[in-house]
Amino acid sequence: MTGREPLLLLIGGAVLLVLSGIGPHDRTTWWLEVAPILIAVPILVVTARRFPLTPLAYRLIFVHALILMLGAHYTYAEVPAGFWLKRALGLTRNPYDRIGHFVQGFVPAIVAREVLIRRSPVKAGRWLTFLVLCVCLAISALYEMVEWWAALLGGEGAHAFLGTQGDQWDTQWDMFLALLGAAIALLVLSRLHDRQITRIEETTHV
């Protein structure tokens, strides 16, 4: 990863964010869905010099942001790619929100893992895995609470943000998929992540 890549990801993400906000399906839903981007990106920018993340983390965050933007523009229940998957797989609902919640665990798992390894006494092992999974499940639970609060405050206007599509177990599915995503991220990416953490630690301590 070159020194310019984080900046290019930031600029590209900003342009795509603006484009996603042009003529969205529902303006309130758009704001609610992109809120995590508007919160996380300034934090990443402010901390980039003293605590730069690994290339893997930055790239995953960018992909997650794209998923959020697309869902914000169309609403998760109306994303065209989701309808294509619904037809191709013979599903009964648009699965794009399921993908979004899977990624909601997959990406934070790598970020949480990196912060714990580099800024806490916890290192690679069972406790690290357990704590990362707990963090991701907590994030998912918090998001479900935000959806609940939005429903209480917005009434019918929050229906697009909730995106339950008539599933009474939607909240449980969302949290399970986030947990599954976190577990798969740890299983598949930990070795690559460890190598990148070693390199970035060597670079920042020079």
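The values are calculated or read from the model by the stated rules, or taken from the named source; none is laboratory data. Being a predicted model, the structure only gives us computed values, none of them experimental. Glycine gets a Cβ as well: all are built from the backbone with ideal geometry, and neighbour counts include every protein chain shown. Please note that ligands, DNA and RNA were not included when accessible areas were found on the heavy atoms of the full protein model with its side chains. Shrake-Rupley method; radii C 1.70, N 1.55, O 1.52, S 1.80 Å.
One table, with the values for the structure above:
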item	result
Answer from Ala150, Ala141, Ala158, Ala185 - the residue that is open to solvent by less than 40 Å² (accessible area, probe 1.4 Å), at pLDDT 95 or above and in contact with a helix residue (DSSP H, G or I) (Cβ under 9 Å, 6 or more places away or on another chain)	Ala185
The listed residue being among the hydrophobic types (A, V, I, L, M, F, W, C) and under 19 Å from Glu114 (Cα atoms), out of Ala40, Ala77, Ala81	Ala40
Pair list, Cβ < 7 Å and 6+ apart or interchain, from segment 57-72 residues that are more than 16 Å from Ile39 (Cα to Cα) to residues that are not in a helix (DSSP H, G or I)	Leu70/Val79; Gly71/Val79
Scan of segment 90-138 for residues that are open to solvent by less than 50 Å² (accessible area, probe 1.4 Å) and on the phi > 0 side of the Ramachandran plot, ordered by number	Gly125
Search result, residues across segment 66-89 that are open to solvent by 40 Å² or more (accessible area, probe 1.4 Å) and in contact with a Lys or Arg (Cβ under 9 Å, 6 or more places away or on another chain)	Lys86
Residue match in segment 108-131 (condition: touching a residue at least 60 places away in the same chain (Cβ under 8 Å), assigned to a loop (DSSP other than H, G, I, E, B) and under 24 Å from Leu70 (Cα atoms))	no
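Conditions tested, residue by residue: (1) open to solvent by less than 60 Å² (accessible area, probe 1.4 Å); (2) under 18 Å from Arg98 (Cα atoms); (3) at pLDDT 95 or above.
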{"site": "His25", "(1), (2), (3)": "no, no, no"}
{"site": "Trp31", "(1), (2), (3)": "no, no, no"}
{"site": "Pro52", "(1), (2), (3)": "yes, no, no"}
{"site": "Leu56", "(1), (2), (3)": "yes, no, yes"}
{"site": "Arg59", "(1), (2), (3)": "no, no, yes"}
{"site": "Phe62", "(1), (2), (3)": "yes, no, yes"}
